[in-house]
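Taking it in order: structure first as structure tokens, then the write-up.
The values are calculated or read from the model by the stated rules, or taken from the named source; none is laboratory data. Remember, it's a predicted structure, so these values are computed and weren't measured experimentally. Please note: Cβ atoms are built from the backbone with ideal geometry, for glycine as well, and neighbour counts cover all protein chains shown.
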Amino acid sequence: MAGPLYALGAFGASLLVQTLTLWMFPFHTGPGRAPPEQVGLALALGRLVNSASDVVVARWSDAVMTPWGRRRPFLVLGSPLLAASFVAVWLRPGDTAALAVALCAFFALFAAVVNPYLALLADLHLPPAQRVAAAGWQAAGNLVGTAAAFVGSGPLAGRYGYAGMAAAFGAVAVVCLWTAAAAVRAEPAAPQRPSLGRALRALAHNPALVAYLTGLTFAWVGLSMVSLILVFLVTVLMGLPSEVTPLVLTTALVSTAVFLPLVARWGQRTGAQPALEACLWVAALLLPAVSAVGWLPVDPQHHGYALVLISGLPLAALYALPNAVLAQLAAGGGLAALHFGVQGLALNLANAVAAACVGALLRLGHTPGEDIGLRLVPLAACGFVAAGLWAFRRMRYSWPTSPGSAVGSRR
């Protein structure tokens, strides 16, 4: 598997989902459009569909065998449908029923394409350090896709409309995902196929997996809440015009890119899970400071940019480390896609909770002078991240302890 070509799949998937996350509330809410709580519920419904689809697709992908392999057919056939559903999200602003249908279709197809793509990381027999390196390429693809979404989506939408922007991004995503599928020279044959119930029970009795998913899910709720309000943080709390939003977001991505190789090396030396946990502590300390932008005797723009620069550390950890942890836990067991499917189920439930919480809190105010709801979002997010850290600490760990393990040891 060629690392850079494999990373193109992460680029394509990230380009779509980060664009959706960035502009969902700004595009569909506002005067004459839908109230934020309805948009939040529509997004939550889509994430719930994603959660259910992850497990179904994972089981299907683990069990099927075709001349193209187990994973590639999902990427080849699903990518054009995913792109079409992405365009549908932007066709009828303010129509929450149509939005809910489009989001359900998008996230079901997202699961059908991305879950098999991620499972390839665990399918191939790689030593732990090489698996972390492959996850690093994947993280780089995610990061560049996020950068393209942050920097390119606004100008493209301004010139061609949101539907035109979505069509362009969808075409790019299809090409990237097809390229990633072609980069996989061979896949291992499907091993013994236990029933879905038996396979899920086996995963549920894996204490390392349960500990990892519990802590990550709580933390993901909080961090997803912040990602949904990025545009408002720039325009309302920092007081900058919307045209400056790409610059602020690009600053965050540059900071993340600087930290990414350092975090990857940290994960290789100490284990990916302990490094991830340490970076989440940084996020928990940053979030209350985000809520206070504009309230402290500091220029809000300087305050905001300082937080953006520091945020690169936890962001880099989220890009580079979780899939390395999970791939190591799943390696050699024959249920790689199901591991990623269960993680997808947990994280999409987290995204659904985040969307519903943000929609409810923004109802309390998210405009200049009436921003209490917006300020409550980072505080609530901090609570969720703290709960995730508590779960990491309190639960019993059984991480692999072999030298060079990508997961590391923590008890």
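Which of the residues spanning segment 92-107 are touching a helix residue (DSSP H, G or I) at 6+ places or on another chain (Cβ under 6 Å) and in contact (Cβ under 8 Å) with a residue 12 or more places away in the chain? Pro93, Thr96, Leu99, Ala100, Ala102, Leu103, Cys104, Ala105, Phe106, Phe107, listed by residue number. Can you find a residue in segment 276-295 that is buried (at least 23 other Cβ atoms within 10 Å of the Cβ) and more than 30 Å from Ile372 (Cα to Cα)? For segment 276-295, residues buried (at least 23 other Cβ atoms within 10 Å of the Cβ) and more than 30 Å from Ile372 (Cα to Cα): present.
Selection over segment 266-323 of residues that are part of a helix (DSSP H, G or I), farther than 21 Å from Ser224 by Cα and of a type in the set (Val, Ile, Thr) gives a count of 1. Within segment 1-22, one or more residues are at negative phi, in a loop (DSSP other than H, G, I, E, B) and of a type in the set (Gly, Ala, Ser).
If you go through segment 260-271 one residue at a time, do you hit one that is modelled with pLDDT under 80, over 24 Å from Asp54 (Cα atoms) and buried (at least 23 other Cβ atoms within 10 Å of the Cβ)? Yes; the residues of segment 260-271 include at least one that is modelled with pLDDT under 80, over 24 Å from Asp54 (Cα atoms) and buried (at least 23 other Cβ atoms within 10 Å of the Cβ). If I ask for residues that are assigned to a helix (DSSP H, G or I) and exposed (fewer than 14 other Cβ atoms within 10 Å of the Cβ), which ones from segment 227-243 would you list? Selection gives Ser242, Glu243.
Among the residues of segment 6-40, what is the count of those that are over 20 Å from the mean Cα position of the chain (by Cα) and of a type outside the set (Asp, Glu)?
Our first condition is that a residue be over 20 Å from the mean Cα position of the chain (by Cα); within segment 6-40, this holds for 27-38.
This time we only want the ones that are of a type outside the set (Asp, Glu), so: 27-36, 38.
Number of matching residues: 11.
Assess whether Trp266 counts as being under 25 Å from Trp390 (Cα atoms), touching a residue at least 40 places away in the same chain (Cβ under 8 Å) and either of a type in the set (Lys, Arg) or out of contact with any Lys or Arg (no Cβ under 6 Å at 6 or more places or on another chain) (or both). For Trp266, the condition - under 25 Å from Trp390 (Cα atoms), touching a residue at least 40 places away in the same chain (Cβ under 8 Å) and either of a type in the set (Lys, Arg) or out of contact with any Lys or Arg (no Cβ under 6 Å at 6 or more places or on another chain) (or both) - is not met.
Among the residues of segment 225-238, the one identified as closer than 16 Å to Gly312 by Cα and at pLDDT 90 or above is Val226.
To keep it simple, each residue is scored yes or no on (1) closer than 29 Å to Val258 by Cα; (2) modelled with pLDDT under 95; (3) in a helix (DSSP H, G or I); (4) within 22 Å of the chain's Cα centre (by Cα).
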residue: Pro93; (1), (2), (3), (4): no, yes, no, no
residue: Leu103; (1), (2), (3), (4): no, no, yes, yes
residue: Ala112; (1), (2), (3), (4): no, yes, yes, yes
residue: Tyr117; (1), (2), (3), (4): yes, yes, yes, yes
residue: Ala134; (1), (2), (3), (4): yes, yes, yes, yes
residue: Ala149; (1), (2), (3), (4): yes, yes, yes, yes
residue: Pro155; (1), (2), (3), (4): yes, yes, yes, no
residue: Gly158; (1), (2), (3), (4): no, yes, yes, no
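Test Arg375 against the criterion of being among the basic types (Lys, Arg) and modelled with pLDDT of 90 or more, and give yes or no. Taking the combined requirement at face value, the residue satisfies it. Taken across segment 52-70, residues that are touching a helix residue (DSSP H, G or I) at 6+ places or on another chain (Cβ under 6 Å), in a strand (DSSP E or B) and buried (at least 19 other Cβ atoms within 10 Å of the Cβ) do not occur at all.
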